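Worksheet for the structure shown next.
The values are calculated or read from the model by the stated rules, or taken from the named source; none is laboratory data. As the structure is a prediction and not an experimental result, all values here were calculated from the model. Using ideal geometry, Cβ is built from the backbone for each residue, glycine included, and neighbour counts are taken over all protein chains shown. Surface areas here come from the heavy atoms of the whole protein model, side chains and all, with no ligands, DNA or RNA. Shrake-Rupley method; radii C 1.70, N 1.55, O 1.52, S 1.80 Å.
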Amino acid sequence: MRMDEDMMREEADEKLVNDAFQHLLDSYLASRHRKKVDIITKAFNFARQAHKGVRRLSGEPYIMHPIAVAQIACEEVGLGSTSICAALLHDVVEDTDYTTEDLANIFGPKIAQIVDGLTKISGGIFGEQASAQAENFKKLLLTMSEDIRVILIKICDRLHNMRTLQSQPANKQYKIAGETLYIYAPLANRLGLNKIKSELENLSFQYEHPEEYSSIKQKLKDTEAKRHELFDQFTAPIEESLKQMGIKYEIKERVKTPYSIWTKMQNKHVSFEEIYDILAVRIIFTPAKREEEINECFNIYVAISKIYKSHPDRLRDWLSQPKANGYQALHVTLMSKQGRWIEVQIRSDRMDEIAEQGFAAHWKYKEGEENEEYTEDENELNDWLRTIKEILDDPQPDAMDFLDAIKLNLFASEIFVFTPKGEIRTMPAGCTALDFAFSIHTFLGSHCIGAKVNHKLVPLSHKLESGDQVEILTSKSQHVQPGWINFVSTAKAKAKIQAVLRRDSRESQKKGEELLEAFLKKHGIENTPAVVDQLIVLHEANRREDFFQGLGQKTILLGEKDVDELNGKTGSGKKGWRKLVPFLGRGKKKEGIAGQQELFVVPETFNRKKPIYISEETIGQYKFKHCCHPIPGDDILGYIDNKHQIEIHKRDCPVADKLKSGFGNRILDAKWNMHKQLFFDATIRLQGIDRVGILMDVSRIISSKMNVNIHKLTISSEEGVFDGSIELRVHDREDVRDIMKALKDVEGLQEVTQII
């Protein structure tokens, strides 16, 4: 009986695998690439044999994963046979006894090189140790600058992992989702893979904030009929006009993704109902002549502007000067007859394909080229890779700094700036004159004293705008200042400034080390790494280098309290607790309980796959960081720090984002198990039109809520408009939501937002 079951399972697996591979071949044969079916079949059979008998966590045969990655590479990114073979073979070197040399002998050097690149950056971007993070990330970027297909296949690999993330334990889900949002989604965006970027963001959001995700999905579903009606009414006259012009077109409804809606709700402190641009309209046309497509975009714009009034400040022209990821389109915002602003995106079929598939789609429109080799004329991409190489030339000592530098370039939206000779340069939005100086040459940046923007003298920190003409002014006596780092925004400028400052700071650090040595010797304390770590925490320095530099520059002074701390005469547990939970219940003297609790130290045998539960009894055992101020009801996670103690962060906290990407193996799933007994701080900001009695109304609403009271109220009124904040003692996030909802009904209150 058992043998029959096994045979049936094997047959089912065999059919599953064969069907998946046949689907891959069908997709490939339907593409415009040369039909190299033999080598793809050879790669499939080789990978199938290599992974024989191995299963994924979900229970399916392991070979299904490489087939799925190859399917995404072929169908969704538009790659050809070399990439499909590399995707099928991407785990062979890492998971089996085959070497890169074996693959080179069987499949040729190109496929072997790509697989080698993918093997180098496998296991997520980072290794187990923090010191390996930057190294692995550099490998990724270096390999990527040799052959961009490495990163394209890596993104396909990550997309499939995200689609099958439900089989992983929660702590792994947060780590993988966090890393995806932090690195892979921006990379996909920069490479123009808009569809994949959106899916990666939404999948990450779904695992990190399941309740918010479900809520937004439901609201989108509930408002679907209304949106369709608005879309039909709005597009009917546009369609009529396009038909009269004889244009071959397609009009699509574009709805904002749950992740981008949630991001906007967080950033703008608005509710779902207050977001007006959930719907956008996309006009995709096929030009009569390819060289006329830009003119046709403008012709369509002129035609629809006659039907609806356009917003004067919201015309976005990415036609003659595309975005750095290849995106081309004309965006215009029009006022509908229902009194709603609606964005219309006008693009040709070629532009649309590049917008969805990124640089991979470029070859389809290169005359006479049917092969899948990249050409060197994709200037924007090469410029970006060149910037990354420059950052790699001067590596950061700290892994997370390095990552942040790369991210600055990944996220940048562009402006166009002119040199004095009229040459155009693409710069990130929000960049300064100093950024521009460093983008031209390091010497120019290091000796920059100011700039002339449109022939007017401006300081280094002046923010540039699209169309500015910039001349950099220098002086030989000028040298890099520490304050510069605060107002530059490009990765290159930050990297160069930090390199110079590091050279300057080495002397201060050396002096600091000597001062510490003398201080510890004087008080009979041994100079060990543990002692230094304790002092770093006490003085709230981020790193050892910062601590020693502070000592050397006399911004950190050592004294008696340091000696007491090192000798164990003070308890640091109380301090953090009192900040978090100022009091624990009226009339009950429970405050002492927290101070008596020891911080939990994670043992070697600790099961990291199981969630930790935070209750009234255990809350004192964990560290609550002030970067995000989590309170019950927030989506949270745990992080095992260097002292083997557990920090609690909100899942969307910027610090947690870095921890998920850099120290994924230390992330824990954390859940609340609270019963409205303890009180926590929360601050609500109020803005509105001043009137007599408004404060009384606000106080009445708050005091009428069960067990919530005002700790501090700050309010200022100017010319009839007031701005204020209320610090409250609440039990959990639900209390905050109830109060905010009630406050929104107060006459005169325009905005009620929560401050972390």
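Okay, here's what the table says:
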quantity: Helices (runs of 4 or more DSSP H) completely within the range 51-160 that count 2 or more residues being modelled with pLDDT of 80 or more and not acidic (Asp, Glu); calculated: 64-71, 81-88, 92-95, 100-107, 109-120
quantity: Unmet requirement for residue 296, which otherwise passes all of (1) in contact with a Phe, Trp or Tyr (Cβ under 8 Å, 6 or more places away or on another chain); (2) exposed (fewer than 15 other Cβ atoms within 10 Å of the Cβ); calculated: (2)
quantity: Checklist (1) aliphatic (A, V, I, L, M); (2) without any contact (Cβ under 8 Å) to a residue 40 or more places away in the chain; (3) part of a loop (DSSP other than H, G, I, E, B) applied to residue 472, failing item; calculated: (3)
quantity: Filtered residues of the range 494-536 (kept if of a type in the set (D, E, K, R) and within 30 Å of residue 436 (Cβ to Cβ)); calculated: 494, 496, 502, 503, 504, 506
quantity: The range 10-31, residues that are more than 18 Å from residue 85 (Cα to Cα) and at pLDDT 85 or above; calculated: 15, 16
quantity: Residue within the range 415-425 that is assigned to a loop (DSSP other than H, G, I, E, B), under 30 Å from residue 319 (Cβ atoms), free of Cβ contacts under 8 Å to residues at least 40 places away in the same chain and open to solvent by 50 Å² or more (accessible area, probe 1.4 Å) present; calculated: yes
quantity: Residue that is part of a helix (DSSP H, G or I) and more than 30 Å from residue 529 (Cα to Cα), where the choices are 701, 710; calculated: 701
quantity: Residue count for the range 640-667, restricted to those that are touching a residue at least 24 places away in the same chain (Cβ under 8 Å), part of a strand (DSSP E or B) and either buried (at least 21 other Cβ atoms within 10 Å of the Cβ) or out of contact with any helix residue (DSSP H, G or I) (no Cβ under 6 Å at 6 or more places or on another chain) (or both); calculated: 6
quantity: Options 232, 222; residue that is acidic (Asp, Glu), within 31 Å of the chain's Cα centre (by Cα) and open to solvent by 50 Å² or more (accessible area, probe 1.4 Å); calculated: 222
quantity: Any hit, the range 174-188, residues being surrounded by 21 or more Cβ atoms within 10 Å (Cβ to Cβ) and in contact with a strand residue (DSSP E or B) (Cβ under 6 Å, 6 or more places away or on another chain); calculated: yes
quantity: Restricting the range 459-506 to residues that are β-branched (Val, Ile, Thr) and open to solvent by 20 Å² or more (accessible area, probe 1.4 Å), the residue that is nearest to residue 431 (Cα to Cα); calculated: 485
quantity: Qualifying residue in the range 710-721 (condition: open to solvent by less than 30 Å² (accessible area, probe 1.4 Å) and at negative phi); calculated: no
quantity: Residue check, residue 365 closer than 19 Å to residue 285 by Cα and either surrounded by fewer than 16 Cβ atoms within 10 Å (Cβ to Cβ) or at pLDDT below 85 (or both); calculated: yes
quantity: Residue in the range 625-666 that is nearest to the chain's Cα centre (by Cα), counting only those that are at pLDDT 85 or above and over 25 Å from residue 681 (Cα atoms); calculated: 666
quantity: Tabulated pairs, the range 735-756, first closer than 12 Å to residue 701 by Cα, second part of a helix (DSSP H, G or I) and of a type in the set (Gly, Ala, Ser), C-beta under 9 angstrom, 6+ apart or interchain; calculated: 742/704
quantity: Tabulated pairs, the range 73-92, first at positive phi and touching a residue at least 60 places away in the same chain (Cβ under 8 Å), second assigned to a helix (DSSP H, G or I) and open to solvent by 10 Å² or more (accessible area, probe 1.4 Å), C-beta under 7 angstrom, 6+ apart or interchain; calculated: 78/357
quantity: Top-ranked residue in the range 519-535 [being modelled with pLDDT of 80 or more, exposed (fewer than 12 other Cβ atoms within 10 Å of the Cβ) and part of a helix (DSSP H, G or I); ranked as farthest from the chain's Cα centre (by Cα)]; calculated: 522
quantity: Selection status of residue 300, part of a helix (DSSP H, G or I), out of contact with any helix residue (DSSP H, G or I) (no Cβ under 6 Å at 6 or more places or on another chain) and either within 30 Å of residue 223 (Cα to Cα) or at pLDDT below 90 (or both); calculated: yes
